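K.L.:
So that we are looking at the same thing, I have put the structure below in structure tokens.
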Amino acid sequence: MPPVEISKDVYWVGAVDWNLRDFHGYSVDRGSTYNAFLVKDRKITLFDTVKQGFKAELLHRIHRIIDPSTIDYLVVNHVEMDHSGSLPELVEVVKPERIFCSGAGKKGLLAHFHQENWPYEVVKTGDSISLGRRTVQFIETRMLHWPDSMFSYIPEDRLLISSDAFGQHWATTERFDDEVDQALLLGHAAKYYANILLPYSNLVQKLLSQVKEMDLKVDMIAPDHGLIWRGNPGRILECYDEWSQQRSKGRAVVAYDTMWHSTEMMARAILDGLVEGGVGVELFDLATNHRSDIMTAVLDAGALVLGSSTLNNGMLPRMADLLHYMKGLRPANKIGAAFGSYGWSGEAVRLINATMEEIKFEVVDPGISVQYVPAEDDLQKCVELGHKVAHALKGGSGEGQQLE
Ligand code: FEO
């Protein structure tokens, strides 16, 4: 793929990782891109680099525009290895006059690459540099999602280079949001938010207010992964506003793992009760669904009903995996309930409830445990649990929760 001129003398020169399938536990089933942006001005500047192994692809694209050794400045908006892995080799080739990064960025670069002699220049929110015709304004975005993260804003191009924020893990030949299927695009953006930025939702709210106060004129938002937002860049800001508020859309997720289908029978009966209660439901068998797809559904859900058989005095390993992952992502404003079958000890429901309480879900029922195989009256109790959760989701309990 050739470089793409996204604005006059501003080029996408990144790399496309078609074969990536896992991003530290997030299933990237359609690959990803590592976006880097080259600005041709009096000071030629490269914003971000790419993952180690993609250096040749990056340099090849830059070569089609300029000799890479003529680059003056490198800007490191984010230290994580998917954007800095090729930095040491780039520094060798480019011999930059300056490497701009945040204070935490400098610490992070030193801790990754142990190069005391690189020409670091630390910048903070409000600092700007001149590239010639253009200026670059820096906006620190600490903990979105690393301490070092920052945005670079070029007012002359009305371009916000937004690091990981507003990205999607999606490998495509297209570079702009208005060139792809909109439902797929927003699905990838939602999955990215749910699996990377969700724990920092309060900071996202603050950042959105800050950007509003700064009254930045933005025609284009260029994240470090996926498609560039140019058609209506306000749309992804609106999505982030909505997702970071974590308001329930009145939907439920039922997720379960099952040994001999008893817990599965219970899951389907609970789903029936939820649907009878007027709630839209997504049902996931953990044997066939990835944790990161379930988290995407959790983004819109107000209720989670989680089930596991008991195995060796605990829950099944895939449910433990989901709960561990979910706990780290800290979804807020959820109600919960648990269910599961057992043979003789039956700890799973209690353990699921305990973890849901740790995540600060409002557990609206002690849960249902059934020995071995549910009888008809057990399944009826599961339907009633679905009714109860639906009622609570619609405001029947959970006062003080942001439930709609
Ligand atoms: Fe795309 Fe936080 O790295």
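The values are calculated or read from the model by the stated rules, or taken from the named source; none is laboratory data. Worth saying up front: this structure is predicted, and the values here are computed from it rather than measured. Cβ: placed from backbone, ideal geometry, glycine included. Neighbour counts: every protein chain shown. Heads up: the accessible areas ignore ligands, DNA and RNA and are worked out on the full protein's heavy atoms, side chains in. Shrake-Rupley method; radii C 1.70, N 1.55, O 1.52, S 1.80 Å.
K.L.:
Taking the stretch 166-189, which residues are closer than 13 Å to Asn232 by Cβ, more than 11 Å from the chain's Cα centre (by Cα) and not polar (S, T, N, Q)?
P.N.:
Phe176, Asp177, Asp178, Leu185, Leu186
K.L.:
For Leu131, all conditions in the list (1) within 16 Å of the ligand (Cβ to nearest atom); (2) of a type outside the set (Val, Ile, Thr); (3) crowded, with 17+ Cβ neighbours inside 10 Å hold save one; what is the number of the exception?
P.N.:
(1)
K.L.:
Looking at Glu384, Glu376, Glu362 in this structure, which one is acidic (Asp, Glu), open to solvent by 40 Å² or more (accessible area, probe 1.4 Å) and farther than 20 Å from Ser262 by Cα?
P.N.:
After ruling out the rest, the residue left standing is Glu362.
K.L.:
Could you check how many residues of the stretch 177-189 are closer than 21 Å to Phe151 by Cβ and open to solvent by 10 Å² or more (accessible area, probe 1.4 Å)?
P.N.:
Total satisfying the criteria: 1.
K.L.:
Report, by residue number, each residue of the stretch 88-116 that is among the charged types (D, E, K, R) and within 11 Å of Val76 (Cα to Cα).
P.N.:
Arg98, Lys106
K.L.:
With respect to Asp17, is the statement that it is within 15 Å of the ligand (Cβ to nearest atom), touching a residue at least 60 places away in the same chain (Cβ under 8 Å) and open to solvent by 10 Å² or more (accessible area, probe 1.4 Å) true?
P.N.:
Against the criterion (within 15 Å of the ligand (Cβ to nearest atom), touching a residue at least 60 places away in the same chain (Cβ under 8 Å) and open to solvent by 10 Å² or more (accessible area, probe 1.4 Å)), Asp17 qualifies.
K.L.:
Could I ask something else about it? Can you find even one residue in the stretch 373-390 that is out of contact with any Ser or Thr (no Cβ under 7 Å at 6 or more places or on another chain), modelled with pLDDT of 95 or more and assigned to a loop (DSSP other than H, G, I, E, B)?
P.N.:
Within the stretch 373-390, one or more residues are out of contact with any Ser or Thr (no Cβ under 7 Å at 6 or more places or on another chain), modelled with pLDDT of 95 or more and assigned to a loop (DSSP other than H, G, I, E, B).
K.L.:
Could you grab me the full set of residues in the stretch 75-95 that are more than 16 Å from the ligand (Cβ to nearest atom) and in contact with a strand residue (DSSP E or B) (Cβ under 9 Å, 6 or more places away or on another chain)?
P.N.:
Residues satisfying the conditions are Leu90, Val91, Val94.
K.L.:
Report, by residue number, each residue of the stretch 29-70 that is of a type in the set (A, V, I, L, M, F, W, C), away from the ligand (no atom under 16 Å from the Cβ) and open to solvent by less than 10 Å² (accessible area, probe 1.4 Å).
P.N.:
Leu38, Val39, Leu46, Ile62, listed by residue number.
K.L.:
How about the stretch 244-279: which of its residues are among the polar types (S, T, N, Q) and closer than 24 Å to Ser341 by Cα?
P.N.:
If the condition is that a residue be among the polar types (S, T, N, Q) and closer than 24 Å to Ser341 by Cα, then Thr258, Ser262, Thr263 are the ones that fit.
K.L.:
While we're on this one: For the stretch 290-368, which helices (runs of 4 or more DSSP H) that fit wholly inside it have 2 or more residues that are touching a helix residue (DSSP H, G or I) at 6+ places or on another chain (Cβ under 6 Å)?
P.N.:
Where helices (runs of 4 or more DSSP H) fall fully within the stretch 290-368 and carry at least 2 residues being touching a helix residue (DSSP H, G or I) at 6+ places or on another chain (Cβ under 6 Å), they are 291-300, 317-329.
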